[in-house]
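K.L.:
Take this structure first; my questions come after.
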Amino acid sequence: MLEKCLKCNTSFEVDESLITSKLKFFKCSVCDNEWPFVNNKNSEKSSENISEEKLRKDLDAIRSEIEKKTDILSKEIKVQPKEKITKVKNKNYNTKKKTVAQIAEEIAEASVKNRETKIIKNKKRINKKTSSIETLKNINSKQKSFAIPLIIFVSILVISSSVYFRNNIVSLSHSYFPNFVEKNFHKVFNLFKHVKIPFYADFKNLEIENFGAVYEDKSVKFFGSIKNNSKYSILTPTLKVIMTTEDGKILAETIIKSTQTFISSNNLIKINHLILTNQKYNNATIRATIMKEIQSSS
């Protein structure tokens, strides 16, 4: 066997036949250091004895616990009917006859069963969670699939209503934001004109007042006013003026476009329009009408 000095780390080969029970210390021939002798074989045997004793103690504890439970059960059996007593007595009798190995096997089987039941419960919980997650996913997918057509429907509704009620939208916007609307209205007007959707005059709330004409040299001057009777601003309409004779012959015809885009609420705009004529007509009749389609003055 080999022994090593704890001080100078010098290794020595020792003959085991020379070692006796009286040997307590080793001495190093190099540094004169001494250290206690430890018999490894005896220590291993002692550890094995300790483990066996511990195992025996554990088994004795298991036996005593089983005996206690059987005593408790036997006391409870006295109160129960005879049929149940025979069954329980047989069980207790069988448990008393069992060896330590059989008891240990039963305990191991019970622990395995408990683990299996726990695993099954955990699987059930996981399945419930996954099913709830899947249901939430399905609900979300349904909501998304429902949201897309809803957005499309709302957008179509907004666009169609803005086209159909374009005059009202523009009039309300001018009532609250006059400067902004007048500055940008020509862009909206040209956009609708490009797609061939005109703006129409509001015949219910518009009125022509004091319309007439006078000759000035070789020209005719038309004058009058257009009044807005509404509570909101209205787009200025386009006027068509016809000059006819008594027998209905058309002498002159013109279209008047106002440079003012909107007429404010309960307000009016004046008309001053001049056209050139080569001759002077006597007893002529003038008729001014509001056109359905509004034409831009620009």
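The values are calculated or read from the model by the stated rules, or taken from the named source; none is laboratory data. Predicted, not measured: the structure shown is a model, and the values here were computed from it. All Cβ positions, even for glycine, are placed from backbone atoms using ideal geometry, and neighbour counts span all protein chains on display.
K.L.:
Take the stretch 176-196 and flag every residue that is within 18 Å of Tyr232 (Cβ to Cβ) and not in a helix (DSSP H, G or I).
P.N.:
Residue satisfying the conditions is Phe177 alone.
K.L.:
Sticking with this structure for a sec: Quick one: in the stretch 207-251, which of the residues that are small (Gly, Ala, Ser) and part of a loop (DSSP other than H, G, I, E, B) is surrounded by the most Cβ atoms within 10 Å (Cβ to Cβ)?
P.N.:
Looking at residues that are small (Gly, Ala, Ser) and part of a loop (DSSP other than H, G, I, E, B), I get Ser233.
K.L.:
In this structure, does Ser155 turn out to be small (Gly, Ala, Ser), at pLDDT 70 or above and under 53 Å from the mean Cα position of the chain (by Cα)?
P.N.:
Considered against the rule, which asks whether it is small (Gly, Ala, Ser), at pLDDT 70 or above and under 53 Å from the mean Cα position of the chain (by Cα), Ser155 comes out as yes.
K.L.:
If we keep just the residues of the stretch 197-206 that are assigned to a loop (DSSP other than H, G, I, E, B) and in contact with a strand residue (DSSP E or B) (Cβ under 8 Å, 6 or more places away or on another chain), which is farthest from Asn272 (Cα to Cα)?
P.N.:
Residue satisfying both the conditions and the ranking: Pro198.
K.L.:
Being closer than 25 Å to Ile107 by Cα, at pLDDT below 70 and of a type outside the set (S, T, N, Q) is true for just one of Leu55, Leu23, Leu59, Leu73. Which residue is that?
P.N.:
Going through Leu55, Leu23, Leu59, Leu73 in turn, just one is closer than 25 Å to Ile107 by Cα, at pLDDT below 70 and of a type outside the set (S, T, N, Q): Leu73.
K.L.:
Give Leu150, Leu136 a once-over and let me know the one that is out of contact with any Gly (no Cβ under 8 Å at 6 or more places or on another chain) and either modelled with pLDDT under 80 or not in a helix (DSSP H, G or I) (or both).
P.N.:
Leu136
K.L.:
Anything in the stretch 247-276 that is of a type in the set (Val, Ile, Thr) and without any contact (Cβ under 8 Å) to a residue 60 or more places away in the chain? List them, or say none.
P.N.:
Those that are of a type in the set (Val, Ile, Thr) and without any contact (Cβ under 8 Å) to a residue 60 or more places away in the chain: Ile250, Thr254, Ile255, Ile256, Thr259, Ile263, Ile269, Ile275.
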